[in-house]
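Colleague: Here it is, the structure in full.
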Amino acid sequence: MKDENGMSDKRKKSHGRKKKRWLIPTVILVVFALLLGGAYAVFYNYYKLSNYAGKSGSISDDPNAVVDSTGLTSDQEAALASEITDSTDDIALPNDSNVYNLLLVGVDRRDTSWSGNSDSMILLSINKRTKTIHMVSFMRDLYANIEGHGVRKLNAACAYGGLPLLVKTIEDNYKVNIDNYAWVDFTDMVKIIDAIGGVTLDIKDDEVALVNSYSKSMCDAAGVDYTQHQISGSGTIACDGYEAVAYARIRYVGKSDYQRTERQRTVLTKMMEKMKGMSATELNSFVKEILPYVTHDISQTTLLGLITEVPSLLKYSVVKDRVPFDGHFTTQGEILVPDMTYTIQKLQDELYGDGKSALSEETGSEG
């Protein structure tokens with residue numbers, strides 16, 4: 001049988017099935033687009049909660065900057081800079097799409113009249129090829145030849161020109177490409193740790209008094225009752241934000257600032273462990289709460305990509321380290337001066353994971 005258009009029943013059924021075959025994926029695509037659009041709208045609203053600073057920023061002298069002395073004369077600083085520049089100037093920054101480097105910075109400042117000293121500098125390096133996250137601390141007293149200022153301690157770069165100058169200084173001196181930065185001050189770090197529900201830390205006997213002392217100092221500055229943020233003794237302690245930040249600031253027991261960077265990495269690792277145990281709803285609530293405390297230069301596209309990869313990234317192995325590397329630095333004046341040739345090669349080989357740093361290619365040395 002044919003209809004008035006000359007189409008048989010069989011052809012009509014076939015035509016109908018074809019229409020349905022086209023219709024189903026079309027509907028799916030429309031629904032997916034709507035869901036994606038809704039998800040992006042939610043993400044964009046979250047993104048607006050954070051403080052996007054961009055790549056721009058002053059790298060000129062901040063008149064309010066307070067920096068530590070190097071303990072060297074100007075002639076000694078110039079000689080040191082010349083020696084290190086001669087040995088490292090030709091080393092290129094690696095470029096690998098499988099590696100993403102995010103500089104996490106904790107800033108110590110008492111008010112907003114200046115950028116503050118970067119007391120905690122941790123490079124979070126994600127290597128997708130080796131499925132490894134490297135957590136590398138750069139110590140505050142490290143050698144740095146800062147553009148426009150000469151030889152200073154590394155933490156002075158942030159004081160002079162904020163995060164843009166700190167990023168440039170690490171790239172120029174230590175030959176590691178930094179894709180993005182994110183920073184908080186100590187006051188906001190307290191709020192972030194509280195938002196995650198605190199962290200459990202192993203506190204040693206000689207750390208108890210210092211945790212309580214630092215916590216009291218921060219509470220007094222914030223007008224908070226410090227008696228609610230004191231630990232009663234050593235052992236495995238559930239610490240709130242004030243207590244955890246106080247623990248991370250300890251530098252006068254153990255191995256001084258060397259061990260302080262270890263404590264900072266420990267707190268960060270404990271936070272990552274708590275995130276692994278969060279449900280999607282809890283993680284969503286946590287991110288929404290902490291974003292207003294974070295200042296960064298991460299684009300919407302990059303951040304969205306990182307968020308979608310979080311479940312996978314939390315399964316990566318974590319390797320923790322510190323610059324300067326043990327046995328490969330000297331102290332000159334008040335500055336820690338690494339063996340720059342060794343340090344740069346080790347950094348590049350570890351972070352990029354294939355033993356083929358720019359330095360080893362130039363010198364023919366093994367990674």
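Colleague: If we restrict to alpha carbons, what Rg and Dmax does the range 98-222 come to, in Å?
Modeller: Here Rg and the maximum Cα pair distance are 16.2, 47 Å.
Colleague: So between ASP90 and LYS288, what do we pick up on full extension, going 0.36 nm a residue minus the alpha carbon distance?
Modeller: Length difference between fully extended and current span is 66.9 nm.
Colleague: Continuing with the same structure: Rank these residues by their accessible area, most exposed first, probe 1.4 Å: LYS315, LYS175, LYS274.
Modeller: Largest accessible area first, the residues go LYS315, LYS274, LYS175.
Colleague: From largest accessible area down, sort SER74, SER234; use a 1.4 Å probe on the protein chains.
Modeller: SER74, SER234
Colleague: Of ASP339, ASP349, which has the most accessible area and how do the rest follow, probe 1.4 Å?
Modeller: ASP339, ASP349
Colleague: Now for a separate question. For the range 265-328 and the range 157-210, what is the separation of their C-alpha centers, rounded to whole Å?
Modeller: 13 Å
Colleague: Given H placed on each backbone N at 1.01 Å, which residues far from MET139 in sequence or on other chains put an amide H within less than 5 Å of it?
Modeller: Placed amide hydrogens put VAL323 under 5 Å from MET139.
Colleague: If you take the beta carbon distance between TYR44 and ASP225 as r and set R0 to 45 Å, what does 1/(1 + (r/R0)^6) give as a FRET efficiency, to the nearest 0.05?
Modeller: Computed FRET efficiency for TYR44 and ASP225: 0.70.
Colleague: Tell me, what ³J(HN,Hα) does each residue in the range 317-326 have, in order and in whole Hz, if you take phi through Karplus 6.51 cos²θ - 1.76 cosθ + 1.60 with θ = phi - 60° and put x for Gly and Pro?
Modeller: 6, 10, 10, 10, 8, 8, 10, x, 7, 3
Colleague: Something else about it: What is the set of long-range amide H partners of GLY198 at a cut-off below 5 Å, with H atoms built 1.01 Å from backbone N?
Modeller: none
Colleague: With every protein chain left in place, what is the accessible area of ASP96 in Å² (1.4 Å probe, nearest 10)?
Modeller: 30 Å²
Colleague: Near VAL224, within a Cβ-to-Cβ distance under 15 Å, what is the net charge of the other residues, with Lys and Arg +1 and Asp and Glu -1?
Modeller: Result for the neighbourhood of VAL224: -4.
Colleague: Run the 1.4 Å probe and let me know the accessible area of PHE138, rounded to the nearest 10 Å².
Modeller: Counting only protein heavy atoms, the figure is 0 Å².
Colleague: Rounded to the nearest 10 Å², what accessible area does LYS216 show when all protein chains are kept and the probe is 1.4 Å?
Modeller: 80 Å²
Colleague: Related question: Take the solvent-accessible surface of the protein heavy atoms, probe 1.4 Å, and return the percent of it on the range 98-249 that carbon and sulfur atoms account for.
Modeller: Solvent-exposed carbon and sulfur of the range 98-249 make up 47 percent of the total.
Colleague: Please label the shape of the range 234-328 as rounded, prolate or oblate, based on the square roots a ≥ b ≥ c of the eigenvalues of the alpha-carbon gyration tensor (a/c under 1.5 means rounded; beyond that, a/b larger than b/c means prolate, else oblate).
Modeller: prolate
The values are calculated or read from the model by the stated rules, or taken from the named source; none is laboratory data. These numbers come from a predicted model, not from an experiment. Reconstructed Cβ throughout: ideal geometry from the backbone, glycine too, with neighbour counts over all protein chains shown. SASA here: full protein model, heavy atoms, side chains in, ligands and nucleic acids out. Shrake-Rupley method; radii C 1.70, N 1.55, O 1.52, S 1.80 Å.
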